[in-house]
1. Quick check, is SER87 under 18 Å from VAL122 (Cα atoms), open to solvent by 60 Å² or more (accessible area, probe 1.4 Å), among the polar types (S, T, N, Q) and touching a residue at least 40 places away in the same chain (Cβ under 8 Å)?
2. Let me confirm something: among PHE47, PHE29, which residue is out of contact with any His (no Cβ under 8 Å at 6 or more places or on another chain) and in a strand (DSSP E or B)?
3. Taking the stretch 3-51, which residues are open to solvent by less than 20 Å² (accessible area, probe 1.4 Å) and modelled with pLDDT under 95?
4. Would you pick out the residues in the stretch 53-79 that are within 20 Å of GLU110 (Cα to Cα), open to solvent by less than 20 Å² (accessible area, probe 1.4 Å) and not in a loop (DSSP other than H, G, I, E, B)?
5. Can you report the number of residues in the stretch 80-96 which are out of contact with any Ser or Thr (no Cβ under 7 Å at 6 or more places or on another chain) and in a loop (DSSP other than H, G, I, E, B)?
6. What are the residues in the stretch 90-115 that are open to solvent by less than 30 Å² (accessible area, probe 1.4 Å) and more than 15 Å from GLY15 (Cα to Cα), if any?
7. Restricting to the stretch 1-47, what's the tally of residues that are of a type in the set (Lys, Arg) and within 14 Å of the chain's Cα centre (by Cα)?
8. May I ask you to list the residues in the stretch 22-58 that are within 14 Å of PHE70 (Cβ to Cβ) and of a type in the set (S, T, N, Q)?
Amino acid sequence: QVQLVESGGGLVQAGGSLRLSCAASGRTFSGYAVGWFRQAPGKEREFVAAISWSGSTSWSNVADSVKGRFTISRDNAKNTVYLQMNSLKPEDTAVYYCVTGPRRATSWEEYDYWGQGTQVTVSS
């Protein structure tokens, strides 16, 4: 059974940084895509970033709303994917979910496992 556990969320002031982690059990990320989505209260869930890799080559994409501020990366040895979030804004406040699936995609439905989420709150 695949389990994803997110960590690293919290409360930060605008302009600050956080690094989210997604650790997996039951699946080795290599050969799969890993992504991050977020959902703010009263809003639809939205794609944030995704990464996939083969050997030492990786591919990633991020949403336009976070481009230049958020970076997705992975640590194969730890079977963990990270989301580095810099220059945070109040509109980044949301629950952030880690997902994994067979290919990178911007649609939640393309992924087959997801975590419980971690809250990120950015104060103004």
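The values are calculated or read from the model by the stated rules, or taken from the named source; none is laboratory data. Quick caveat: nothing in here was measured; it's all calculated off a predicted structure. Positions of Cβ are generated from backbone atoms using ideal geometry, with glycine treated the same way; all protein chains shown enter the neighbour counts. Protein only, heavy atoms only, side chains kept; ligands, DNA and RNA dropped before computing areas. Shrake-Rupley method; radii C 1.70, N 1.55, O 1.52, S 1.80 Å.
1. On the way: under 18 Å from VAL122 (Cα atoms): yes; open to solvent by 60 Å² or more (accessible area, probe 1.4 Å): yes; among the polar types (S, T, N, Q): yes; touching a residue at least 40 places away in the same chain (Cβ under 8 Å): yes.
Yes.
2. On the way: PHE29 fails: in a strand (DSSP E or B).
One residue alone meets the criteria, PHE47.
3. Within the stretch 3-51, PHE29 is the sole residue that qualifies.
4. TRP53, ILE72
5. Residues in the stretch 80-96 being out of contact with any Ser or Thr (no Cβ under 7 Å at 6 or more places or on another chain) and in a loop (DSSP other than H, G, I, E, B): 2 in total.
6. Residues of the stretch 90-115 open to solvent by less than 30 Å² (accessible area, probe 1.4 Å): 92, 94, 96, 98-101, 105, 111, 115.
If the condition is that a residue be open to solvent by less than 30 Å² (accessible area, probe 1.4 Å) and more than 15 Å from GLY15 (Cα to Cα), then ALA94, TYR96, CYS98, VAL99, THR100, GLY101, ALA105, TYR111, GLY115 are the ones that fit.
7. Filtering the stretch 1-47 down to residues of a type in the set (Lys, Arg) leaves 19, 27, 38, 43, 45.
Next, only the ones that are within 14 Å of the chain's Cα centre (by Cα) stay: 19, 38, 45.
Matching residues across the stretch 1-47 total 3.
8. Hits for the stretch 22-58: nothing passes.
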